[in-house]
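Read the structure below first, then the notes.
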Amino acid sequence: RRQQSVYMHGPVGTGKTMLMDLFCDHALAFGLRVLRRHFYEFMLDLHVKIHEVQQERPVEVVANTIADEVDVLCFDEFQITDIQDAAILPRLFEVLFLRDVAIVMTSNTAPQLLYSGGLNRHVHIPAFVNLLADNCTVLGLGGPRGSAPVDYRRRAEEAEMAQDSGPAPAAYLCGEDEGGCLEEHWSRLRGGVPAESRDIPLSMGRKLRVGEAAGRACRMGFLELCGSERGEADFLALAEHFDVIAVHDVPVFSSLEEVDTLRRFVKLLDVLYDRKSRLVLSAAAPLDDLFTGIRADIKAGGVDDIAWRTALYSADGKVGMAAGAIGTLFEAVRATERAESRLREMRTRR
């Protein structure tokens, strides 16, 4: 008899991670071998392990190794964003389910909407959705029937602001003097230690240059972190070396053309949130207005406009619809929701 697994999905701030963490605590108390990871972190390790396997069918080899070591896998923020993961995950999960590993997942996306608009989605995802349906209890977390879901992160922020109990441990700075406010925060964070540049080692011999570092605190510009091709591994290295990260010049996200920068920003927030890092931001607009432009742009444009603006050109100059055009629409909306929710919780004491 197969072990029953759980797939929890719903909007941001509805308590999915809290429920999963409660389950993890009880499973550990009962003596089960539990591995709890943010999904992006699990996939980084998985790709490394697959690359190291010298045998045939490396995905199955790694899946069986995992099944030998754990009884329960808990994944926070499960999502599929690229073709490589879409091809690997169905076979990985099939082996884990056959080996009676229980998997508990949280996601902002219902199973049937995973990898929406992705390249060759029809090849990999329908069978994977059926596999999840056969092995998981699918729980949709939202509000009572007919009402909007409750965002508990927003409630926590509103409750703390109502108490007016002094500066929060993480700050979101905006307004005419946001640069000066950040400078004051940075001075307090340094605690008299002079700032210096520091190189953080990354994978494959790369380095991340941090222009201002003092002890376990650093200050960097938004474009340094999110304006170029950086991923979760880079942000993990930053979180491992610093407990407090100050980021200046966060812009307003005003159009769909900025969706790649937005994705990197969300990855940064995911890593810092999961590692419980302290974050100080200076931004060009209040949090309520930071993503309104890109949301309005998506709503006004529609799929045809998105297809044109994310078009691919063939060798003979003919234009075609980008494979991820529709996926770009779904991902961009979810990315703004998750980023705003993360920032709301990270600037409270809770």
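Any idea how far apart Ile50 and Glu184 come out in nm if each label point goes 7 Å out from Cα toward Cβ?
With each label point 7 Å from Cα toward Cβ, the separation is 5.0 nm.
Roughly speaking, what is the stretch gain from Asp288 to His241, that is 0.36 nm per residue apart minus the C-alpha to C-alpha distance, in nm to one decimal? List each step's numbers first, then the result.
Numbers: separation 47, 0.36 × 47 = 16.92 nm, distance 3.08 nm.
Here the segment from Asp288 to His241 would lengthen by 13.8 nm.
Given 0.36 nm per residue, what is the gain on full extension from Thr65 to Val252 after removing their alpha carbon distance, in nm?
Numbers: separation 187, 0.36 × 187 = 67.32 nm, distance 4.49 nm.
Value of the extension gain: 62.8 nm.
Leaving out ligands, DNA and RNA but keeping every protein chain, what accessible area does His248 have, in Å² rounded to the nearest 10, with a 1.4 Å probe?
Its accessible surface works out to 50 Å², give or take rounding.
What FRET efficiency do you get for Val123 and Arg206 if R0 is 41 Å and r is their Cβ-Cβ distance, rounded to the nearest 0.05? Could you put the intermediate results ahead of the total?
Details: r = 33 Å, r/R0 = 0.80.
The value I calculate is 0.80.
Using a probe of 1.4 angstrom, how much of the accessible area of the range 209-255 is carbon and sulfur, in percent? Don't skip to the end; give the middle numbers.
Working: 870 of 1730 Å².
Result for the range 209-255: 51 percent of the exposed heavy-atom area is carbon or sulfur.
Calculate the FRET efficiency for Leu19 and Glu196 from the Cβ-Cβ distance with a Förster distance of 41 Å, rounded to the nearest 0.05.
Working: r = 43 Å, r/R0 = 1.06.
So, using R0 = 41 Å, E works out to roughly 0.40.
Ignoring ligands, DNA and RNA, what percent of the 1.4 Å accessible area of the range 7-145 is carbon and sulfur?
Details: 3660 of 6560 Å².
Its accessible area is 56 percent carbon and sulfur atoms.
Over the Cα atoms of the range 1-122, what is the Rg over Rh ratio if Rh follows Kirkwood?
Details: Rg = 14.5 Å, Rh = 15.2 Å.
Ratio of gyration radius to Kirkwood radius: 0.96.
Roughly speaking, what is the centre-to-centre gap between the range 247-282 and the range 208-237 when only Cα atoms are used, to the nearest Å?
A separation of 11 Å, based on Cα centres.
The values are calculated or read from the model by the stated rules, or taken from the named source; none is laboratory data. Remember, it's a predicted structure, so these values are computed and weren't measured experimentally. A quick note on method: Cβ atoms are made from the backbone with ideal geometry, for glycine too, and the neighbour counts reach across all protein chains shown. Protein only, heavy atoms only, side chains kept; ligands, DNA and RNA dropped before computing areas. Shrake-Rupley method; radii C 1.70, N 1.55, O 1.52, S 1.80 Å.
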